[in-house]
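Data first, discussion second: the structure below is written as structure tokens.
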2 protein chains.
Amino acid sequence: MDSKKVIITLIKINYEINIQLMTALKPYGISIQQFNVLRILRGQKGVAANLSTVQERMINKMSNTTRLIDKLIEKSFVERIICKENRRKIELFITNKGLVFLNQIDPVIDKVEEKMIGHLKNQDKEKVVSLLKQFDFS
Amino acid sequence: MDSKKVIITLIKINYEINIQLMTALKPYGISIQQFNVLRILRGQKGVAANLSTVQERMINKMSNTTRLIDKLIEKSFVERIICKENRRKIELFITNKGLVFLNQIDPVIDKVEEKMIGHLKNQDKEKVVSLLKQFDFS
DNA sequence: AAACAATATTTGTTACGACAAAAATATAAA
DNA sequence: TTTATATTTTTGTCGTAACAAATATTGTTT
């Protein structure tokens, strides 16, 4: 099989996944990127996160995290404080409002994900992941 | 296995693929999207393509094809003529310069694709594709 | 023909990714 | 201490995606 075909298939599937996720989030007025940043901040469990910490955990490392977080602050889902020990750094927290919002959305996303691949056998899901991890990006 | 893990893995792999392709194209001053439009136009083998034809064949159907093509016209890789029979339509052609350019880039992309998954067994490539096609986006 | 609907493309807006450069602060070296 | 270097975040710019609305043209109906 042509390598090109595999790549194109994967890119198309990714595109479809994105559409599904976007569509599910749309009624809630939040983008996938903002949603992911919120999830990262929730994962901190009250511990402050620096911008760089968030950035490391994001999929798109080159995105502009400052402005993504600006949007979340506008919505009062996130708070930004200047770090006392090192004033170059900032400290980011998810607010209560952000937590409530996120908890509301989680099942929506879970449902979309299950719809997309919930019918796959466990063995098949593991096979996809193991095959994808064999891709070489060195 | 968690469906979420499969989805996230796929999104991350797609991200890496994009980086590899982008990096390969960068020295040539062209984006993946522009490159793909050029390939679509080459596939026409001299037959004019309408904007809508190009759009149908693109992966990102919602992208702004008009402006993507504007960029290619600036580079003299594409020509745009208003269709005589139906002046709402436009006719798009890849130029000779565009063809030469594309032929120069093809092997570069092929090489990147081979580097990423050329080492996979034929059977494994087919397995990935067949598993990915089982995803449900209805 | 005039009005209306359908089709094809363009334009405008918002959000984000990629990336370079600037700004602010901290740390280390001379 | 002054200078240089490193770190962290912010800002600016461009390209593109998503999407709505506008425009132009054609086709259809009355």
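Work out the mean other chain Cβ neighbour count within 10 Å for the residues of A:103-112 and drop it here as an integer.
Mean partner-chain Cβ count within 10 Å for A:103-112: 1.
Residue A:88 label points, 7 Å along Cα→Cβ, one per copy: pairwise distances from this copy to the rest in nm, shortest first?
Label-point separations across copies, in nm and ascending: 5.9.
Given the peptides B:97-110, A:104-117, arrange them by the average over their residues of other C-beta atoms within 10 Å, most packed first.
For the peptides B:97-110, A:104-117, the packing ranking is A:104-117, B:97-110.
Taking Cα atoms, how many degrees apart are the long axis of helix A:96-117 and the longest axis of chain A, rounded to 10 and kept between 0 and 90?
It works out to around 0 degrees.
Amide H to amide H, which residues 5 or more places from residue A:91 or on other chains are under 5 Å from it, using H placed in the peptide plane?
The list, which skips near neighbours in sequence, is A:81, A:82, A:83.
How large is log10 I(q)/I(0) at q = 0.15, 0.21 Å⁻¹ when the Debye formula is applied to the Cα atoms of the stretch A:1-92, each weighted equally and without solvent?
-0.67, -1.06
Could you work out the helix-only [θ] at 222 nm for chain A, with each DSSP H run of four or more residues adding -39,500 (n - 2.57) and the total divided by the number of residues, to the nearest 500 deg cm²/dmol?
That comes out to -20000 deg cm²/dmol.
Taking Cα atoms, how many degrees apart are the long axis of helix B:32-43 and the longest axis of chain B, rounded to 10 and kept between 0 and 90?
Compared with the principal axis, the helix lies near 60 degrees.
As a check on your reading of the symmetry: which chain A residue has its Cβ nearest the axis that brings A onto B, and how far is it in Å?
Per the A/B rotation axis, the closest residue of A reads A:14, 2.
Suppose you put the label 7 Å out from Cα in the Cβ direction; list, shortest first and in nm with one decimal, how far residue A:137 is from each other copy's label.
2.0
What does the copy distance list look like for residue B:31, label position 7 Å along Cα→Cβ, in nm and ordered from shortest?
Counterpart label points of residue B:31 in the remaining copies fall at 1.4 nm.
Exactly which trypsin sites (Lys or Arg not before Pro) in the stretch B:48-86 are in a DSSP loop and have at most 10 other Cβ atoms within 10 Å?
In loop regions of the stretch B:48-86 (DSSP not H, G, I, E or B), the sparsely surrounded trypsin sites (Lys or Arg not before Pro) are B:84.
All of the numbers you see were taken from the coordinates with simple rules; none came from a lab. Since the structure is predicted, the reported quantities are computational estimates derived from the model, not experimental observations. Cβ coordinates were reconstructed from backbone atoms using ideal geometry, including for glycine residues, and neighbour counts include every protein chain displayed.
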